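The values are calculated or read from the model by the stated rules, or taken from the named source; none is laboratory data. Model, not experiment: these values are computed from the prediction. Using ideal geometry, Cβ is built from the backbone for each residue, glycine included, and neighbour counts are taken over all protein chains shown.
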Amino acid sequence: MIELMEPNKTDVLSYLENNGPVPTRYAHVIINHRASEEPVYQDLLVGPLPIQNETVTSVPLTYPYTRKTEGKVRNIDADETTWQQWKFNVSSSILDITLDLWGGSSLGLENDTLIVFGIDPLWQDEGIIRWDQFWNSPKSVQGSLTLLPLGLYFTTNATGRDASKWTLDGWLYNGIFYETTESFRAAYYSPGFVKNGPNVDGTWAYSDQEGEIPALDTNFPPVSIAPSGSRYFTDPDQQYVKWMDFEFYTSFSRDTGLSLHDIKYKGDRIVYELSLQEALAHYAGNDPIQSGTAYLDTYYGFGPFAFELIKGYDCPPYATYMNSSFYNGETTRTHIDSICLFETEADYPIQRHSTSQYASATKNIYFTIRTVATVGNYDYMFSYEFYMDGSINIVVRASGYIQSAYFAKNEDYGYQIHDALSGSMHDHVLNFKIDFDILGTSNTMTTTANVATSEVYPWSKGKARNTMKLQRGTIENEDQAKINWAANGATAFTVVNADAKNKYGESRGYRISPSSPTIHLTVENSSNLEKSANWAKNDLFVTRQKDTEPKASHPYQSQDVFDPPIDFDAFFDGESLVQEDIVIWANVGMHHVPHTGDLPNTVFTTAHSSLVLSPVNYLMGSPARETVNMVKILYGGDEGTTVETFGQGSAECAVSSVHGLMPDLTEYVGDQVVRKFPYDPNHPYFETQGI
């Protein structure tokens, strides 16, 4: 993997604000060293760029990581090719059983009808332990594999690189563990052995239209248009975007996909960096696959999955599209039209009021930059929405196929949702870095809590009044900075510049709050994750900004969960957070207990989570009043009804055919993507039709 190394913030601000030199650019390179008894991934810093033979250096990249091992972390997936053959050998050893149970096999042949894959991350406390399960192969290209578990599991001790020393350590079927293949076979052919039915692919697992079409559904639905064309500016070469009073730059990486930088509002920077850090999907169950699975998705990468968007469905037909690219395997891979930008109108006004004589309303027009990444079975839609009131909404939605469990005595972990299928419970937690710079880098996190109180006032004649009041506070240091949202939403968290007050003496700032439900990880001290995802333990974190702490996670955290490249807990060392350059690390996510409505795909309407960044005492009034897209109606007077449109004329747009507004989807070409199931890290990329 080769990417530009993000320059340190101190160097960037020196250049942007203090006439300092342009930051020297370097390449971030990750090398996969497999030709060794102890294979490793190693992060390197190469440069300066552009490369000249006499000046280039390559040194271990260590400063962004808490683990100090010359940028190295072990590679426990180095023998994936050998492992594939091992699985075929194991499957071959019970071919008679798989044929009897399911009429299928997994032997590495073209006519295989079974697939074997298992846990992630691998268990690491007693060597390298794998658990794998048999799954039925899909009969179509629609990706239903994760709905087809078969309920037969085996475990392997795969410690070391010598496969001759690997051991098959047991089988699990119908809740009974067998220590050897021989004991499993003996039980299988004994009287009374219970054989469970399979999950079989079919139209129930396909996303095609099915069922009775609702009345009038074949009439063409409403379509959005932009009668005046785009009302925003983009510079693809500079990756610059401007809409109304907002402007920002974009970047794109293999690990986390789209990020936003130098977000300014009305000419002042409010956010230096807004970026995804990691996405966790932690499962649970009474079988070792569900119990042992906790995906850290930057291992697979969001960049490779950010495929071409479906025009008119993922984004409005009139949206602007940008490409994304990343470099891997000595190839630069470009994903066309994988980022969309558009302005749209919400289905409610941003403000309104009416009386007996007048009514007024203001259109709620907002701007969105969006990308979708299909990481294995899940489709994650990331949207950053900018509003006329100065707020920014960070929205994540999840669709695609659930990873299901075989339904066998596991009612405590999910509903039965099909013949032999359980909707495996899991938590989605996604971490975002929000590096606020409110009118400079000297910022403070304040709290404002609504608290119940009993108060006696000068006018209450000595009688206590049961009421409520505000309780103001400050997050003083990092010891106080691991935060959960208050019960009943009672506490507001606002990043302010205490040295920049408005004329009323209130500190100007931006509040961060959930705009739909958010979560942190339910599991405490996860046996799967150990120290690799400490950022998931709370809702919100605040740290002092450091160039040595640019990210909360690393794509190879799963390779050593006990000593990962980044231990997020190490960021917290009690430093003061008062009028310092501070960073917010905030989680969105959802507790997902799949039900029958998740078949075949989870729906965006319920599987979503979001945060909103909104100005508090930042301006002297509502900036939503600046738009001319408002109306005031005076009625009931002697002069009849008058309408004030504040200079906004009527839209003129000739539409001869609604169908003509829709793009030609036969031009869709897809991208190069990678699946999780089964995943070969040595040969990860293949064409879209493989998904």
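Which residues, taken from the stretch 373-412, are at pLDDT 95 or above and of a type in the set (Lys, Arg)?
Arg397
May I ask you to list the residues in the stretch 262-298 that are at positive phi and among the hydrophobic types (A, V, I, L, M, F, W, C)?
Within the stretch 262-298, no residue meets the criteria.
At pLDDT 95 or above and under 25 Å from Ser404 (Cα atoms) - does that describe any residue in the stretch 271-278?
Yes; the residues of the stretch 271-278 include at least one that is at pLDDT 95 or above and under 25 Å from Ser404 (Cα atoms).
Would you confirm whether any residue within the stretch 64-87 is hydrophobic (A, V, I, L, M, F, W, C), more than 21 Å from Ser558 (Cβ to Cβ) and surrounded by fewer than 20 Cβ atoms within 10 Å (Cβ to Cβ)?
So far as the stretch 64-87 goes, no, none of its residues is hydrophobic (A, V, I, L, M, F, W, C), more than 21 Å from Ser558 (Cβ to Cβ) and surrounded by fewer than 20 Cβ atoms within 10 Å (Cβ to Cβ).
For Leu44, only one of the following conditions fails: (1) out of contact with any strand residue (DSSP E or B) (no Cβ under 6 Å at 6 or more places or on another chain); (2) surrounded by 14 or more Cβ atoms within 10 Å (Cβ to Cβ); (3) hydrophobic (A, V, I, L, M, F, W, C). What is its number?
Among (1) out of contact with any strand residue (DSSP E or B) (no Cβ under 6 Å at 6 or more places or on another chain); (2) surrounded by 14 or more Cβ atoms within 10 Å (Cβ to Cβ); (3) hydrophobic (A, V, I, L, M, F, W, C), the lone unmet condition for Leu44 is (1).
Counting just the residues of the stretch 92-120 that are touching a helix residue (DSSP H, G or I) at 6+ places or on another chain (Cβ under 8 Å) and among the small types (Gly, Ala, Ser), which one comes out farthest from Thr146 (Cα to Cα)?
Per the stated criteria, the residue is Ser93.
Among the residues of the stretch 524-541, write down those that are farther than 19 Å from Pro64 by Cβ and crowded, with 18+ Cβ neighbours inside 10 Å.
Across the stretch 524-541, the qualifying residues are Ser526, Asn528, Leu529, Glu530, Ala536, Lys537, Asp539, Leu540.
Could you please find all residues in the stretch 336-373 being of a type in the set (S, T, N, Q), more than 13 Å from Asn629 (Cβ to Cβ) and touching a strand residue (DSSP E or B) at 6+ places or on another chain (Cβ under 8 Å)?
Scanning the stretch 336-373 gives Ser338, Ser354, Ser356, Gln357, Thr368, Thr371.
Each row is one residue, and each column tells you yes or no for (1) part of a strand (DSSP E or B); (2) within 30 Å of Pro221 (Cα to Cα); (3) within 14 Å of the chain's Cα centre (by Cα); (4) free of Cβ contacts under 8 Å to residues at least 12 places away in the same chain.
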| residue | (1), (2), (3), (4) |
| --- | --- |
| His261 | yes, no, no, no |
| Ser275 | yes, no, yes, no |
| Glu308 | no, yes, no, no |
| Tyr313 | no, yes, no, yes |
| Pro317 | no, yes, no, no |
| Asn323 | yes, yes, no, no |
| Phe326 | yes, no, no, no |
| Arg333 | yes, no, no, no |
| Asp337 | yes, yes, no, no |
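Given (1) of a type outside the set (Asp, Glu); (2) out of contact with any helix residue (DSSP H, G or I) (no Cβ under 8 Å at 6 or more places or on another chain); (3) modelled with pLDDT of 95 or more; (4) within 30 Å of Pro564 (Cα to Cα), identify the lone condition not met by Asn89.
The one condition Asn89 does not meet is (4).
Run down Ile225, Ile213 and say which single residue is over 21 Å from Tyr387 (Cα atoms) and either assigned to a loop (DSSP other than H, G, I, E, B) or in contact with a Pro (Cβ under 8 Å, 6 or more places away or on another chain) (or both).
Ile213
Which of the residues that make up the stretch 156-187 are of a type in the set (Ser, Thr, Tyr) and in contact with a helix residue (DSSP H, G or I) (Cβ under 6 Å, 6 or more places away or on another chain)?
Those that are of a type in the set (Ser, Thr, Tyr) and in contact with a helix residue (DSSP H, G or I) (Cβ under 6 Å, 6 or more places away or on another chain): Tyr178, Thr181.
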